[in-house]
1. Averaging sequence separations of C-alpha pairs under 8 Å and six or more residues apart, then dividing by the length of the chain, give the relative contact order as a whole percent.
2. How much length is gained on full extension from residue 119 to residue 196, taking 0.36 nm per residue of separation minus their Cα-Cα distance?
3. Pulled fully out, how much extra length does the chain show between residue 209 and residue 88, if you take 0.36 nm times their separation in residues and subtract their Cα-Cα distance?
4. Would you mind classifying the stretch 1-74 by shape? Square roots of the alpha carbon gyration tensor eigenvalues, ordered a ≥ b ≥ c; an a/c under 1.5 is rounded, otherwise it is prolate if a/b is larger than b/c and oblate if not.
5. Tally the DSSP beta bridges in the stretch 3-166 and give the antiparallel ones as a percent, rounded to 5.
6. Quote to one decimal, in nm, the extra length available between residue 137 and residue 189 on full extension: 0.36 nm per residue of separation minus the C-alpha distance between them.
7. When a footprinting reagent is the concern and you count Cβ atoms within 10 Å, what order do 153, 225 take, fewest first?
8. Tell me, 119, 133 in order of fewest to most beta-carbon neighbours within 10 Å?
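Since every read-out is calculated from the coordinates, none of them should be taken as a lab result. All of these numbers come straight from a predicted model, not from anything done at the bench. Heads up, the Cβs are rebuilt from the backbone with ideal geometry, glycines too, and the neighbour counts pull from every protein chain shown.
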């Protein structure tokens, strides 16, 4: 079955890790990844706030950096409360379920990434995400804490886990979104458009918003392109 994975990067408080585990379990999500945690995810305070979700903590995978944690994940969405760049598009959390479901069987998993309590995700970590998302708030301060943010995202994404669970007849074949992403990178490299170029960044971002039909159409175009200019289709 396709999966929704929650990733906490640099979490500093046991209570927030435990509360996050409880939040995702109540919404049908079981995968929790931790990147360089600054607190013990199996500590007493984490277990106390997990309250019946200790299995999530015990099965949580720990990684040394975000790049390692997102290896093999088809769609990576970074969450942030601060707008770091005017050129980036920040998708409201309520839009995410439809964005994900529109991918159909072109993806097999998706990850939502959260930063630490003090400063959130770093610019370097945000750059590793395919899309950026935020929780619209009436007031900028006081902001939601880590566990509260996880609860909000988990609540919205429960629609995704429920839909995927019911659609057992539509399994992912070979997850096409990451394949298309790589082919797009090659085409952009052929025309000497570098990742530092703002247009490159925007093209890759918009590509991540394609629905299933768009992805399949672009995939077909890539095959024609590769055959004509590289003598191959893969």
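1. Reported relative contact order: 24 percent.
2. Extra length from residue 119 to residue 196 when fully extended: 25.3 nm.
3. Taking 0.36 nm per residue and subtracting the Cα distance, the gain is 42.2 nm.
4. Working: a/c = 2.37, a/b = 1.21, b/c = 1.96.
Oblate is the answer for the stretch 1-74, as a/c is 1.5 or above yet b/c matches or exceeds a/b.
5. Numbers: 1 of 25 bridges.
Expressed as a percentage, antiparallel bridges in the stretch 3-166 total about 5.
6. 14.8 nm
7. Fewest-to-most ranking of 153, 225: 225, 153.
8. So the ranking, lowest neighbour count to highest, is 119, 133.
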